[in-house]
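Presented below is the structure to which this report refers.
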2 protein chains.
Amino acid sequence: MVDETFDDLAEGSSVGAAQRVFHALSSAPRRKILAYLSASGLTAGEIADRFSMSKPAVSQHLSVLETAGLIRREKRGQFVHYSLIENNLVNTLNGFVQEVCPIGRPIKKESQARARAKDLP
Amino acid sequence: MVDETFDDLAEGSSVGAAQRVFHALSSAPRRKILAYLSASGLTAGEIADRFSMSKPAVSQHLSVLETAGLIRREKRGQFVHYSLIENNLVNTLNGFVQEVCPIGRPIKKESQARARAKDLP
DNA sequence: AAAATAATTAAGCAATAAGCTAATTGCTTA
DNA sequence: TAAGCAATTAGCTTATTGCTTAATTATTTT
């Protein structure tokens with residue numbers, strides 16, 4: 001067992017941006033909200049109308065999505081309009097896929113080196 | 001409030017494949033495991049060596065990843081080798097990005113229709 | 001066959017998350 | 001300014017997660 005304590009692959013803060021994004025995406029209602037917002041901006045009430053849960057519950061989900069940087073909040077009069085921040089979502093997912101999928105990256109090299117070390121006398 | 005009860009955007013089962021994948025990805029240790037496996041297959045013990053937590057804890061994470069269809073398990077003698085199933089990971093993330101990002105899809109049309117309905121007398 | 005090693009399962013515990021209702025804040029309008 | 005509506009915050013309950021140590025299963029080695 002080796003303690004490295006890097007929360008995410010290349011991030012220092014205790015709860016990194018990637019962690020917030022992936023946590024936000026782990027909830028089906030939150031993904032559904034993102035899908036709704038991909039069609040058009042909506043007020044908090046319009047979003048809540050599309051769910052069977054209470055308004056405060058939806059508000060919490062919106063808060064999680066906003067904290068993750070996936071949606072933006074804009075107050076107009078007594079309404080709060082929410083809309084998608086497409087960039088951040090795509091960037092985070094892409095960053096992860098890059099890390100896990102095809103190309104070389106630091107952790108890949110480290111892991112390969114360790115794998116090789118085991119094969120030698 | 002309207003109850004629609006579709007867990008994922010286009011899936012019927014109570015806990016859909018997408019939900020399992022996103023849940024699996026919501027944990028930093030699990031993402032780290034995926035990153036290690038992207039470099040080369042590893043035994044359960046080799047994976048556990050890379051973490052500060054206990055072996056059973058790592059085993060649980062591996063189980064979650066396997067249930068999500070992100071990694072495969074292969075027993076050879078007394079060792080268990082784990083390796084990445086790249087296809088499933090990429091497909092699920094891509095499916096989600098397709099839904100949320102650029103192109104037309106059922107939920108998009110539905111939401112746009114509802115948004116328009118509000119603007120009419 | 002006994003002992004050692006790899007890995008998992010089981011049982012239990014503290015921390016977190018997701019939902020509810022009730023209360024609060026902020027804006028608009030009668 | 002009082003009433004009403006939009007939205008969030010607060011306080012609480014229940015379920016789930018993520019870990020721990022101890023016990024179990026399966027394989028290999030002596």
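Out of residues 5 or more away from B:Val80 or on other chains, whose amide H comes under 5 Å of its own, with H placed 1.01 Å from N in the peptide plane?
Here the answer is B:Ala44, B:Gly45, since their amide H atoms fall under 5 Å of that of B:Val80.
Considering the rotation that carries chain A onto chain B, locate the chain A residue whose Cβ comes closest to its axis and report the distance in whole Å.
Nearest-to-axis residue on chain A, with distance in whole Å, is A:Ser26, 2.
Just order B:71-79, A:15-23 by mean Cβ neighbour count inside 10 Å, highest at the front, would you?
Highest-to-lowest ranking by the protection proxy: A:15-23, B:71-79.
Compute for chains B and A the buried accessible surface, both sides summed, probe 1.4 Å, and express it in Å² to the nearest 100. Before the final figure, lay out each step's value.
Details: alone 8310 and 8350 Å², together 12420 Å².
It comes to approximately 4200 Å² buried between B and A.
Using 30 Å as the Cα-Cα cut-off, could you pick out the over-long pairs in A:Lys55/B:Lys55; A:Lys32/B:Lys75; A:Lys32/B:Lys32? Don't skip to the answer; put the middle values down first.
Working: A:Lys55/B:Lys55 42 Å; A:Lys32/B:Lys75 38 Å; A:Lys32/B:Lys32 27 Å.
Where the Cα-Cα span goes over 30 Å, the pairs concerned are A:Lys55/B:Lys55; A:Lys32/B:Lys75.
What nm distances, shortest first, do you get from the label point of A:Val15 to those in the other copies when the point sits 7 angstrom along Cα to Cβ?
Output for A:Val15: 2.4 nm, nearest copy listed first.
List the equivalent ellipsoid semi-axes of the stretch A:24-72 in whole Å, largest first, each obtained as the square root of 5λ for an eigenvalue λ of the Cα gyration tensor.
Values: eigenvalues 40, 31, 21 Å².
After scaling each eigenvalue by five and taking roots: 14, 12, 10 Å.
If the label for A:Asp49 sits 7 angstrom from Cα along the Cα-to-Cβ line, what are its distances to the same label in every other copy, in nm to one decimal, shortest first?
The answer, with the shortest distance listed first, is 6.0 nm.
Between B:Ala17 and B:Asp49, what FRET efficiency comes out of the Förster formula 1/(1 + (r/R0)^6) with R0 = 22 Å and r the beta carbon distance, rounded to 0.05?
Details: r = 30 Å, r/R0 = 1.39.
Rounded to the nearest 0.05, the efficiency is 0.10.
The values are calculated or read from the model by the stated rules, or taken from the named source; none is laboratory data. Given the structure is predicted, the values throughout are model-derived calculations rather than measurements. For neighbour counting, all protein chains shown are included, and Cβ atoms are generated from backbone atoms with ideal geometry for every residue, glycine included. Quick note on the areas: whole protein, heavy atoms, side chains included, nothing else; ligands and nucleic acids left out. Shrake-Rupley method; radii C 1.70, N 1.55, O 1.52, S 1.80 Å.
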